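Participant: The structure under discussion is supplied below as structure tokens; questions concerning it will follow.
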Amino acid sequence: MGDVNPPTPSKSVTPRYFLSFWEVTAASGVVLGFLIGLVCVYLTMPQSDYSFLKIPRNLHDLQILRDNLEVYTSDYTVQVLVGYSLVYVFMQTFMIPGTVFMSLLAGALFGVFKGMVLVVSTATAGASSCFFLSKLIGRPLIFSLWPDKLVARRKDGLLNYMLFLRLTPTLPNTFINVASPIVDVPYHIFFLATFIGLIPAAFVTVRAGIALGELQSLGDLYDFSSMATLFLIGVLSVTPTLISKKKA
């Protein structure tokens with residue numbers, strides 16, 4: 001009998017289950033940058049008891065924070081604005097719950113128009129920061145656990161679909177921020193959908209912040225008419241894409 005050569009084992013590609021040194025360093029640098037910024041803002045504030053400074057977890061905490069910050073807002077407007085923006089962007093970047101309370105606080109401290117500008121700009125910046133952080137460290141982790149099927153293949157009308165998701169409470173905003181770079185949503189589409197799509201909900205929340213004392217629970221923010229209006233706007237945003245798809 002002739003010699004039978006044993007089959008040569010095929011080389012397998014080891015999946016990547018870890019982050020590189022530069023990815024970990026970059027992510028750590030983001031955290032450190034936020035912390036340094038917050039410390040700098042804190043050091044520029046006048047000497048006082050700041051035991052009230054904490055991320056609000058309920059309406060009671062928010063009312064205490066509002067009552068104390070009102071004293072500083074007129075004399076230390078820049079510090080309050082910078083501190084507020086850093087905290088909001090930090091919470092959005094690292095998916096810390098409670099940004100709805102921060103939106104209410106913006107309305108209570110700055111009114112509807114200024115509060116709207118502040119909330120939409122900081123929420124968009126925070127979502128963008130989360131987007132790039134997820135692109136940096138989220139993709140390597142996700143693709144090591146799931147196959148590369150996680151790709152947004154439907155490029156046509158993607159802005160409309162993203163607007164629908166932003167305008168309606170179909171998916172949590174934090175999930176959209178993290179998942180978008182993983183499924184290859186282009187940043188310019190993500191940015192436009194975020195900036196435009198957050199405006200209606202931000203208006204509802206900021207306006208409610210003016211009458212903060214009248215709120216009994218977060219459920220009072222979005223009644224049936226408000227939710228129906230958001231869904232209607234969302235459906236209208238995606239309708240042109242659905243119609244063009246049907247005609248094709």
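The values are calculated or read from the model by the stated rules, or taken from the named source; none is laboratory data. Values in this document were obtained by computation on a predicted structure and should not be read as measured data. Backbone-built Cβ (ideal geometry, glycine too); neighbour counts: all protein chains shown. To get the accessible areas, we keep the full protein, side chains included, count just its heavy atoms, and leave off ligands, DNA and RNA. Shrake-Rupley method; radii C 1.70, N 1.55, O 1.52, S 1.80 Å.
Participant: Rolling a 1.4 Å sphere over the protein heavy atoms, what is the accessible area per residue of region 160-207, to the nearest Å²? Before the final figure, lay out each step's value.
Facilitator: On the way: 1960 Å² over 48 residues.
Heavy-atom SASA per residue in region 160-207 reads 41 Å².
Participant: Give me D for region 19-131 in µm² s⁻¹, whole number, from Stokes-Einstein with Rh from the Kirkwood sum over alpha-carbon pairs, 10 °C and 1.306 mPa s.
Facilitator: On the way: Rh = 14.8 Å.
Approximately 107 µm²/s, per Stokes-Einstein.
Participant: Same structure again: Tabulate in residue order the Karplus-calculated ³J(HN,Hα) for region 63-78, using 6.51 cos²θ - 1.76 cosθ + 1.60 with θ = phi - 60°, rounded to whole Hz; enter x for Gly and Pro.
Facilitator: Each residue of region 63-78 in turn: 5, 5, 5, 4, 4, 7, 6, 4, 5, 9, 4, 6, 8, 10, 4, 4 Hz.
Participant: Any chance you could look up the accessible area of F52 with a 1.4 Å probe, heavy atoms only, rounded to 10 Å²?
Facilitator: Ignoring ligands and nucleic acids, F52 comes out at about 20 Å².
Participant: Give, as a single signed number, the net charge of other residues whose beta carbon lies under 14 Å from the beta carbon of G115, with Lys and Arg counted +1 and Asp and Glu -1. Let's see the in-between values first.
Facilitator: Values: positive: R66, K114, R207; negative: E70.
That works out to +2.
Participant: Could you derive backbone 3J(HN,Hα) for region 96-112 from the dihedral phi with the Karplus parameters 6.51, -1.76 and 1.60 (θ = phi - 60°), listing whole Hz in sequence and x where the residue is Gly or Pro?
Facilitator: Couplings: 7, x, x, 5, 5, 5, 5, 5, 4, 5, 4, x, 5, 8, 10, x, 5 Hz.
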